[in-house]
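What follows is a single structure, written as structure tokens, with notes after it.
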């Protein structure tokens with residue numbers, strides 16, 4: 001008897017439990033769809049929308065008929081399209097500092113970043129021409145479009161309610177239509193300035209607004225340039241990513257524990273392993289699930305930053321620190337969820353006990369804006385040292401404070417939150433070892449504390 | 001060799017309910033012991049203490065010479081409340097339990113296939129547990145309990161809920177394991193099976209051990225000292241004839257058994273009386289009355305104040 005026994009011991013059992021927990025979570029349709037396919041689909045749809053809506057990079061080639069009073073607008077449009085053709089396509093990146101929307105009057109004839117390549121021939125007709133016939137040509141797709149410039153728009157003070165008319169075929173891509181409208185608008189302004197005897201270059205110079213170089217000065221007198229994406233968007237992305245990964249994994253832990261209790265398989269497991277080994281294996285397995293999610297979303301995020309030429313925003317140290325914060329945050333959430341899962345018999349019963357845990361886990365989300373506003377302020381600093389929200393707050397601070405966070409605060413927060421994680425896992429384990437074998441009505445929070453104190 | 005199981009003064013209380021009162025029990029290696037008792041007697045609580053799932057309030061409990069917590073790989077356990085991972089495939093479930101019990105991965109799938117054949121579950125290895133009937137799931141759980149060749153096998157109500165065919169398969173498997181030298185400790189309240197299977201029975205009621213004896217001793221001890229007669233003549237006439245015979249204390253017709261129950265005087269010889277009755281009363285059947293384990297169970301439990309108890313709450 002027992003001659004084949006392989007004494008893998010405690011480590012082997014924990015490893016087996018972790019492996020099952022990991023596989024049973026990530027190989028489910030829910031996970032594959034929710035955590036893997038959904039983000040991929042979202043990215044794919046995001047990439048496809050411009051192609052679908054804007055017609056992609058297909059060059060706009062053909063004839064555009066422009067009906068105007070004296071040919072001045074048609075001439076300006078011809079110049080613009082020639083300039084755009086010469087400047088190339090939208091694949092050329094916009095120069096640094098290019099505003100997202102260019103105010104009217106600042107048009108310089110160059111292509112906007114999203115414009116498709118163009119090869120457009122402008123044919124001018126007088127306003128008295130047979131425009132019905134031109135419209136028929138638009139309908140048949142023979143020409144790209146018909147632009148009609150009312151003469152009133154060339155007056156020094158154009159009346160309100162008079163519009164440029166741009167007619168395009170039904171199948172014309174939205175991006176092409178928008179580009180034609182914009183070029184017509186800008187050509188009209190240019191022609192109007194010229195008709196009024198003004199100098200467009202001088203007007204443009206007068207209207208150009210200077211940029212404001214904002215910088216923050218720390219207590220130590222250190223200056224750091226203000227960047228909206230660093231201050232608000234990047235910390236939010238990191239924190240939400242961490243929150244989603246840790247919350248999902250902790251939630252999987254809760255449901256798998258409840259499933260083991262409700263399906264009565266728990267007694268079989270506990271005849272083979274101790275409650276603490278079971279808990280350790282489950283926490284470990286779900287931490288791998290969280291890291292997998294973090295890795296998947298993280299790689300997608302880094303790919304996005306690479307595409308936007310913003311990889312300077314993150315470095316290896318930030319990523320390593322982020323993983324450390326994730327693990328600390330996850331262990332605390334997991335310990336609480338495991339304790340709750342062990343104490344109840346089904347998900348319905350879990351609601352009462354999960355609510356306070358959820359409230360705690362939601363706190364970092366509520367604190368996101370105030371901490372992003374002032375990552376070195378008193379609220380942010382104090383919250384960093386309070387488990388279990390500390391790791392989430394620290395992610396916001398370390399990725400958002402361009403002025404930097406004192407190293408001692410990072411070190412102390414790491415120590416305090418590590419101690420908090422150990423404490424919560426210990427507390428969770430004490431509750432787990434008793435709760436996992438209990439049946440009947442769910443315990444009150446006071447009873448949970450009694451279990452934690454029990455010998 | 002140390003006993004497989006040593007229980008000394010073990011007790012457990014849940015609130016105001018004494019689930020198990022101070023109890024002693026020793027099971028030698030290779031024994032097959034039946035733990036009997038009515039519902040709520042404390043059987044499952046005792047078994048959970050043996051398995052270290054709950055801690056006794058008092059007393060000492062040694063399993064295979066040590067603490068059950070350190071012996072998990074050498075003990076097989078089938079709990080009363082069966083459970084499987086419903087969405088897991090049978091083979092994967094058993095593989096997982098085998099790994100937890102310390103079995104190496106190499107050869108484990110072959111071992112699982114062998115056991116599934118042995119309990120007459122061929123072709124289910126790749127089915128999900130939820131696709132199996134309750135009886136089939138119970139057999140899978142039985143395999144999970146014995147897959148790692150444990151020295152001590154603890155089975156809590158292993159045959160409950162099984163149809164006679166499946167029950168017979170598991171009874172045979174238990175017999176085989178016992179023959180191979182395993183110590184088996186099983187709880188049941190199916191007396192016929194206990195009588196057929198166990199060498200020794202331990203009866204507990206209201207947390208107290210009220211009987212600990214071999215099956216033969218228990219039956220002899222509670223033998224009614226009587227003779228059953230199935231007459232071919234009028235039962236009343238037969239009863240009158242029997243009552244006049246020396247050594248007969250009473251004779252009573254039992255219509256439900258279609259026989260006359262003859263009680264023997266203290267000191268009378270049952271075998272001589274049997275021969276005398278055969279000569280005096282025309283009968284289809286005359287035999288020394290036998291007691292069943294069922295009778296012993298009912299008599300002992302009723303003599304111990306019945307079995308009504310507040311159900312145990314809180315502990316699984």
(message) When you check residue A:407 against the structure, is it away from every other protein chain (no Cβ under 14 Å), at pLDDT 85 or above and more than 30 Å from residue A:267 (Cβ to Cβ), yes or no?
(response) yes
(message) As an exercise: evaluate residue B:96 against (1) part of a helix (DSSP H, G or I); (2) more than 8 Å from chain A (Cβ to nearest Cβ); (3) surrounded by 19 or more Cβ atoms within 10 Å (Cβ to Cβ) and give the number of the one condition it does not meet.
(response) (2)
(message) Please pick out the residue among B:87, B:13 that is away from chain A (no Cβ under 14 Å) and without any contact (Cβ under 8 Å) to a residue 60 or more places away in the chain.
(response) B:13
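Determine whether residue B:109 is over 18 Å from residue A:265 (Cβ atoms) and within 28 Å of the chain's Cα centre (by Cα).
No.
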(request) May I ask you to list the residues in region A:119-151 that are farther than 18 Å from residue A:181 by Cβ and in a helix (DSSP H, G or I)? (result) A:132, A:133, A:136, A:137, A:139, A:140, A:151
(request) Test residue B:250 against the criterion of being over 30 Å from the mean Cα position of the chain (by Cα), without any contact (Cβ under 8 Å) to a residue 40 or more places away in the chain and assigned to a strand (DSSP E or B), and give yes or no. (result) yes
(message) For region B:99-111, which positions are more than 7 Å from chain A (Cβ to nearest Cβ) and in contact (Cβ under 8 Å) with a residue 24 or more places away in the chain?
(response) B:111
(request) Return only the number of the condition from (1) surrounded by 19 or more Cβ atoms within 10 Å (Cβ to Cβ); (2) on the phi > 0 side of the Ramachandran plot; (3) part of a strand (DSSP E or B) that residue B:59 does not satisfy. (result) (1)
(request) Tell me, please, whether a residue that is part of a strand (DSSP E or B), within 29 Å of residue B:49 (Cα to Cα) and within 11 Å of chain A (Cβ to nearest Cβ) can be found in region B:66-76. (result) yes
(request) Could you name every one of the helices (runs of 4 or more DSSP H) located completely within region B:122-211 that has at least 1 residues being modelled with pLDDT of 95 or more, within 14 Å of another protein chain (Cβ to nearest Cβ) and within 17 Å of residue B:29 (Cα to Cα)? (result) B:134-146, B:164-179
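Hey, could you check region A:413-425 for residues that are without any contact (Cβ under 8 Å) to a residue 60 or more places away in the chain and touching a helix residue (DSSP H, G or I) at 6+ places or on another chain (Cβ under 8 Å) and say which is surrounded by the fewest Cβ atoms within 10 Å (Cβ to Cβ)?
Residues of region A:413-425 that are without any contact (Cβ under 8 Å) to a residue 60 or more places away in the chain, as a first pass: A:413, A:415-416, A:419, A:422-423.
Of the ones still in play, those that are also touching a helix residue (DSSP H, G or I) at 6+ places or on another chain (Cβ under 8 Å) are A:413, A:416.
Working: A:413: 25, A:416: 16.
The qualifying residue surrounded by the fewest Cβ atoms within 10 Å (Cβ to Cβ) is A:416.
Of the residues in region B:189-233, how many are over 30 Å from residue B:281 (Cβ atoms) and free of Cβ contacts under 8 Å to residues at least 12 places away in the same chain?
Pass one, region B:189-233, residues over 30 Å from residue B:281 (Cβ atoms): B:189-218.
From what is left, the residues that are free of Cβ contacts under 8 Å to residues at least 12 places away in the same chain are B:216-217.
Result for region B:189-233: 2.
Do we find that residue B:65 is touching a strand residue (DSSP E or B) at 6+ places or on another chain (Cβ under 7 Å) and surrounded by fewer than 21 Cβ atoms within 10 Å (Cβ to Cβ) in this structure? Give the steps one after another, and end with the answer.
Values: touching a strand residue (DSSP E or B) at 6+ places or on another chain (Cβ under 7 Å): no; surrounded by fewer than 21 Cβ atoms within 10 Å (Cβ to Cβ): yes.
No: the conditions fail for residue B:65.
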(request) Please specify each residue of region B:214-240 satisfying the condition of being surrounded by fewer than 17 Cβ atoms within 10 Å (Cβ to Cβ), in contact with a helix residue (DSSP H, G or I) (Cβ under 9 Å, 6 or more places away or on another chain) and over 17 Å from residue B:289 (Cβ atoms). (result) B:232, B:233
(message) Which numbered condition in (1) away from chain A (no Cβ under 13 Å); (2) assigned to a loop (DSSP other than H, G, I, E, B); (3) on the phi < 0 side of the Ramachandran plot is the only one that residue B:40 fails?
(response) (3)
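Need at least 2 residues that are more than 14 Å from chain B (Cβ to nearest Cβ), modelled with pLDDT of 80 or more and more than 30 Å from residue A:259 (Cα to Cα) per element, so show me which helices (runs of 4 or more DSSP H) inside region A:1-89 make the cut, counting only ones lying wholly within it. Even if it seems obvious, please write down each step before you answer.
On the way: elements: A:9-26, A:38-54, A:72-87.
Ranges flagged: A:72-87.
The values are calculated or read from the model by the stated rules, or taken from the named source; none is laboratory data. Note that the coordinates shown come from a computational prediction; the quantities given were computed from them, not determined experimentally. Because the Cβ atoms are built from the backbone with ideal geometry, glycine has one as well, and the counts that use them run over all protein chains shown.
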